[in-house]
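> Supplied in structure tokens, the structure appears directly below.
None of the figures in this text is laboratory data; all of them are computed from the coordinates on show. Treat the numbers as computed from the prediction; the structure is a model and nothing was measured. Note that we place each Cβ from the backbone using ideal geometry, even for glycine, and neighbour counts take in every protein chain shown.
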Amino acid sequence: MAQGVTMSLVPEKKSNPKIRHVIGVVSGKGGVGKSTVAVLLAQSLASQGRAVGLLDADITGPSIPRLLGVDTMKGESDGEHLFPIENEEGIRVLSINLFNDNEDAPVIWRGPLLAKAIEQFWQDTDWGDLDYLIIDFPPGTSDIALTALQQIPFSGIVVVTTPQDYVSMIVRKQINMATMLKAPVIGFVENMRTLVCPKCGEVIKLFDDGSDAQKALGLPILASLPWRQEVAQACSIRWAMLPEAVKKEALAIAQQVEMSAASAK
Ligand SMILES: Nc1ncnc2c1ncn2[C@@H]1O[C@H](COP(=O)(O)OP(=O)(O)OP(=O)(O)O)[C@@H](O)[C@H]1O
Ligand SMILES: [Mg+2]
């Protein structure tokens, strides 16, 4: 990619002085666990006493309200600002689905409108003071991801992946996009490499492919989350109800995010 083209993609980012750090959870690939990891990261930071918000940037496939148990609540606006909803764990949540009368109504918008929605979520939302705003990205490198990475000054990006070669290729595209748009990538969360048998606790390898995308890119693995029945079957994720092993993995991600964010400032 020519340097001139890269530079023109990066307009001046607009910061929000009340938000200390913005962390993006991305993948490029769909269904690998971005939203799950975004929720676990938000909850583990909140469990450490941080003021946390979670912005659902997946406008056409929003899953955060359900995962955080606020899907029956409605978002508020005073005509100028949007206000997030606070869940029972104190996490402030914003998602397009909080403003839809019917959560099943599809958002059938073309790219420019999707980009505008992200712009509004970032610029016009009164989040209050936050230590961390976590942004759950949709899959892919199209309009929403581009607008978010162009406009928001990220302290760090967490990349979620499953260890399969073709996934790694798609994920590398997203990492390259973040790098081109000056968003520092903190590392990988590897999801579902193994499965913990719900009956006997045996750890079984789901993916044999030792895809080394992270090594090739010189990025650390922040955590490796096994497939777990409790996570797969949960309608919403409650920190207090999670098995200790999951909390430990989530806290490991949070700790490394905090270290990286502190050094990014
Ligand atoms: N470690 C895990 N153990 C069990 N199930 C998991 C795990 N991680 C994710 N899942 C399940 O896999 C599915 C996809 O996860 P999730 O919605 O977080 O992915 P995503 O990358 O955000 O998807 P999308 O690209 O559609 O936004 C969900 O049903 C989720 O519950
Ligand atoms: Mg998702």
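> Would you mind calculating the relative contact order of the chain from Cα pairs under 8 angstrom and at least 6 residues apart, reporting the percent as a whole number? Mind showing how you got there, number by number?
Numbers: 502 pairs, mean separation 66.8, N = 265.
Reported as a whole number, the value is 25 percent.
> Starting at the first residue of the stretch 147-154, write each ³J(HN,Hα) from the Karplus equation 6.51 cos²θ - 1.76 cosθ + 1.60 with θ = phi - 60°, in whole Hz, x for Gly and Pro.
Computed from phi, the couplings for the stretch 147-154 are 4, 4, 5, 6, 9, 9, x, 6 Hz.
> Starting from the amide H of Val185, placed 1.01 Å from N in the peptide plane, find each other amide H under 5 Å away whose residue is 5 or more places distant or on another chain.
Ile157
> OK, next. Count charges around Ile96 for me, please; just the other residues with Cβ under 9 Å from its Cβ, Lys/Arg as +1, Asp/Glu as -1.
Residues near Ile96 contribute -2 overall.
> Next question, about the same structure. Using 1/(1 + (r/R0)^6) with R0 = 35 angstrom and r between the beta carbons of Ala234 and Met180, what's the FRET efficiency to the nearest 0.05? Show your work: numbers first, answer last.
Numbers: r = 36 Å, r/R0 = 1.02.
Plugging the Cβ-Cβ distance into 1/(1 + (r/R0)^6) gives 0.45.
> Based on C-alpha coordinates, I'd like the Rg and Dmax of the chain, in Å.
Answer for the chain, Rg first and Dmax second: 17.7, 57 Å.
> Here's another thing I want to ask about it. Quick check on the stretch 51-108: take the gyration tensor over C-alpha atoms, sort the square-rooted eigenvalues as a ≥ b ≥ c, and tell me if it's rounded (a/c under 1.5), prolate or oblate.
oblate
> While we're on this one: For a footprinting-style exposure proxy, rank Leu54, Leu94 by other Cβ within 10 Å, fewest first.
Ordered by Cβ neighbours within 10 Å, fewest first: Leu94, Leu54.
> Work the Kirkwood hydrodynamic radius out for the stretch 27-142: mean of 1/r over every pair of different alpha-carbon atoms, inverted, in Å.
Working: mean 1/r = 0.0696 Å⁻¹.
Taking every pair of different Cα atoms in the stretch 27-142, averaging 1/r and inverting gives 14.4 Å.
> Just list whichever of Lys182/Lys205; Lys74/Lys173; Lys29/Lys205; Lys74/Lys116 have alpha carbons separated by over 30 Å in the model shown.
Values: Lys182/Lys205 36 Å; Lys74/Lys173 35 Å; Lys29/Lys205 21 Å; Lys74/Lys116 21 Å.
The pairs that break the limit, which is 30 Å between Cα atoms, are Lys182/Lys205; Lys74/Lys173.
> Between Met73 and Asp126, with labels modelled 7 Å along Cα→Cβ, what's the label distance in nm to one decimal, could you check?
It works out to 1.6 nm between the two label points.
> Using modelled amide H (1.01 Å from N, peptide plane; none on Pro or chain starts), what sits under 5 Å from the amide H of Leu130, excluding residues fewer than 5 places away?
Amide H neighbours of Leu130, under 5 Å, 5+ apart: Ile19, Arg20.
> Check which residues have an amide H placed less than 5 Å from Leu54's amide H, if you skip close sequence neighbours.
Here Arg92, Val93, Leu94, Ile134 satisfy the definition.
> If exposed means no more than 11 neighbouring beta carbons inside 10 Å and the site is in a DSSP loop, what's the longest run of the chain without any exposed GluC sites (Glu not before Pro)?
Longest gap between qualifying sites, sites excluded: 89-201.
> Among Val107, Val52, Val37, whose mean-square fluctuation peaks in a Gaussian network model of the chain (Cα, cutoff 10 Å)?
Its mean-square fluctuation being the largest, the pick is Val107.
> Here's a follow-up. Give the residue list of chymotrypsin sites (Phe, Trp or Tyr not before Pro) in the stretch 93-195 that are DSSP loop and have at most 16 other beta-carbon atoms within 10 angstrom.
Trp109
> Determine the shape class of the stretch 104-178: with a ≥ b ≥ c the square roots of the Cα gyration tensor eigenvalues, call it rounded for a/c under 1.5, and otherwise prolate if a/b is greater than b/c, oblate otherwise.
Working: a/c = 2.00, a/b = 1.33, b/c = 1.50.
Since a/c reaches 1.5 but b/c is at least a/b, the shape of the stretch 104-178 is classed as oblate.
> Compute, for the stretch 19-264, the length of the dipole vector about the Cα centre, with Cβ point charges of +1 (Lys, Arg) and -1 (Asp, Glu) only. Units Debye, rounded to 20.
That gives the stretch 19-264 a dipole magnitude of about 820 debye.
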